[in-house]
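Enquirer: Next up is a structure, given as structure tokens.
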Amino acid sequence: MISDVENGVRDWLARHQGVISRQEALRLGLTEQQIVSRLRTGAWVRQTRGVYRLTGSPPGPLGDLRAAVLACGRQAAASHLSAAWLWGLADAPPPAHATRPAPATRPTVTIPHTKVRDVEGVRVVRSRITSRLAVRRGIPCTDPVRTILDCAADMGPHEIDDLVDRALARRLARVDDLVHAVERSAEFRRHPGRVTLAARLVP
């Protein structure tokens, strides 16, 4: 008979692209020994530090991005182009685990500025901004307004215009929200994308 813990773990994996962190597994009721046993028998494979994938689960960009966020620890969130893809504002996700990928094309994860974390194949951004976070497709990420502002630090004017147009068309953000973020929000006053986005919004 399958235990409630086993059922809970199976359900979790089914709803999270077959990816689970050590902390999630422990929280669901598995022991350290049970985790080690799954790795030893090949039921799970280690994807990155403290993050495992169910053997046989199909790899894909969503699972890879979730693994990248989990590997960056608590309070980590997909951001920049990675978050834009989650929100449907970008056509393709940055590739994960590429060989020596350029910084702008790696999955991007933002962590609190007080933490120090380096994850291979992931662009880790440290930020003092702790608000405007959400969950999209089961992955913690920046909300649309902050995502656009973050992307403004990396993109050219035409790319930002396209990003804003898509957000407005999908009703993920309003012009007033963006204007407030760049003009009146003290939290974003020193954000590197603020000037670029303001120039696209203010006539």
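Enquirer: Show me the strands (runs of 3 or more DSSP E) entirely contained within segment 99-194 in which 1 or more residues are open to solvent by 80 Å² or more (accessible area, probe 1.4 Å) and within 19 Å of Gln75 (Cβ to Cβ).
Expert: On the way: elements: 108-112, 123-127, 133-136, 139-142.
Fully inside segment 99-194 and qualifying: 123-127, 133-136.
Enquirer: If you don't mind, there's one more thing I want to ask. Can you run down the residue pairs with Cβ atoms below 8 Å, 6 or more apart or on separate chains, where the first is in segment 1-30 and touching a residue at least 24 places away in the same chain (Cβ under 8 Å) and the partner is surrounded by 18 or more Cβ atoms within 10 Å (Cβ to Cβ) and polar (S, T, N, Q)?
Expert: Between residues of segment 1-30 that are touching a residue at least 24 places away in the same chain (Cβ under 8 Å) and residues that are surrounded by 18 or more Cβ atoms within 10 Å (Cβ to Cβ) and polar (S, T, N, Q), the close pairs are Val19/Gln47.
Enquirer: Whether any residue in segment 160-171 is touching a residue at least 12 places away in the same chain (Cβ under 8 Å) and under 24 Å from Val51 (Cβ atoms) is what I want to check. So that I can check it myself, show each step before the final result.
Expert: Here is the first cut: in segment 160-171, the ones touching a residue at least 12 places away in the same chain (Cβ under 8 Å) are 160-161, 163-164, 166-167, 170.
Applying the additional criterion that residues be under 24 Å from Val51 (Cβ atoms) yields none.
Within segment 160-171 (the criterion being touching a residue at least 12 places away in the same chain (Cβ under 8 Å) and under 24 Å from Val51 (Cβ atoms)), the answer is no, since none of the residues qualifies.
The values are calculated or read from the model by the stated rules, or taken from the named source; none is laboratory data. Predicted, not measured: the structure shown is a model, and the values here were computed from it. Note: ideal-geometry Cβ built from the backbone for every residue, glycine included; neighbour counts use all protein chains shown. Heads up: the accessible areas ignore ligands, DNA and RNA and are worked out on the full protein's heavy atoms, side chains in. Shrake-Rupley method; radii C 1.70, N 1.55, O 1.52, S 1.80 Å.
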